[in-house]
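The values are calculated or read from the model by the stated rules, or taken from the named source; none is laboratory data. Since the model is a prediction, treat every value here as computed from it, not as a measurement. Glycine gets a Cβ as well: all are built from the backbone with ideal geometry, and neighbour counts include every protein chain shown.
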Amino acid sequence: MTDAAAPPADPEPFAPFAVDHILVNDLPSTLGTIEAPERYTVSAVFTRRPLPQELDLLASPEIDARLSEAGYRTVTLRAADRRLLIENTNLAELREGLAELIGSLLDEIGAGVATTRSAQARDAAELAARAAERAHHVLTEVELVDFSPRRPPNYS
């Protein structure tokens, strides 16, 4: 008999919704030359796989509005698997404040989704507790049912 080790717990859902690093190999090969484009797409890696709710919020018009209000009218954010595509930008713009704004936006999205999921988990736990209590009451009632024949005492 062998003891199988339990698989490690997946830490991903508890990691913050954030960007870890830029994919250097995805940057234009002409950066640092006179042929370098002024604006391009910067690919960055999320700290974990985004949740569907996070992706929905990231794609919302509110994100474009927030970028525009901050002066980044041409910049767009798009998710592709575990990557964040920061379109129509450059490294200087990211360094000078855009990266911090993106970090804040992702943090707000992640915190909002976590709060919603926590409330949903509490609601589900409450429903499960009520269902368990009902089941307990039903089982108690079932145990009180007695199919034994009741015969009058025999005094012979």
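When we screen 83, 95, 73 for residues that are in contact with a strand residue (DSSP E or B) (Cβ under 9 Å, 6 or more places away or on another chain), modelled with pLDDT of 95 or more and either of a type in the set (D, E, K, R) or over 25 Å from residue 37 (Cα atoms) (or both), the only hit is 83. Of all the criteria given as (1) at pLDDT below 70; (2) exposed (fewer than 10 other Cβ atoms within 10 Å of the Cβ), the one not satisfied by residue 124 is (2).
Only one of 54, 69 is touching a residue at least 40 places away in the same chain (Cβ under 8 Å) and of a type in the set (Asp, Glu). Can you tell me which? Full working, then the answer.
Details: 69 fails: touching a residue at least 40 places away in the same chain (Cβ under 8 Å).
When all the criteria are applied, what remains is 54.
Taking the numbered list (1) of a type outside the set (Ser, Thr, Tyr); (2) modelled with pLDDT of 95 or more; (3) touching a Leu at 6+ places or on another chain (Cβ under 8 Å) in turn, residue 50 passes all entries but (2).
If the condition is being surrounded by 15 or more Cβ atoms within 10 Å (Cβ to Cβ) and farther than 15 Å from residue 110 by Cα, then the stretch 52-69 contributes 64, 66, 67. Count of the stretch 13-40 residues, restricted to those that are at pLDDT below 90 and loosely packed, with under 11 Cβ neighbours inside 10 Å, is 1.
Each residue in the stretch 88-103 was checked for being out of contact with any Gly (no Cβ under 9 Å at 6 or more places or on another chain) and surrounded by fewer than 13 Cβ atoms within 10 Å (Cβ to Cβ), and 4 pass.
Within the set of pairs 6 or more residues apart or between chains, which connect a residue that is free of Cβ contacts under 8 Å to residues at least 24 places away in the same chain inside the stretch 76-101 to a residue that is assigned to a helix (DSSP H, G or I) and exposed (fewer than 13 other Cβ atoms within 10 Å of the Cβ) with Cβ atoms less than 6 Å apart? Partner pairs satisfying both residue conditions: none exist. Could you say whether any residue in the stretch 69-90 is farther than 14 Å from residue 22 by Cβ, in a helix (DSSP H, G or I) and of a type in the set (Lys, Arg)? No, there is no match, as no residue in the stretch 69-90 is farther than 14 Å from residue 22 by Cβ, in a helix (DSSP H, G or I) and of a type in the set (Lys, Arg).
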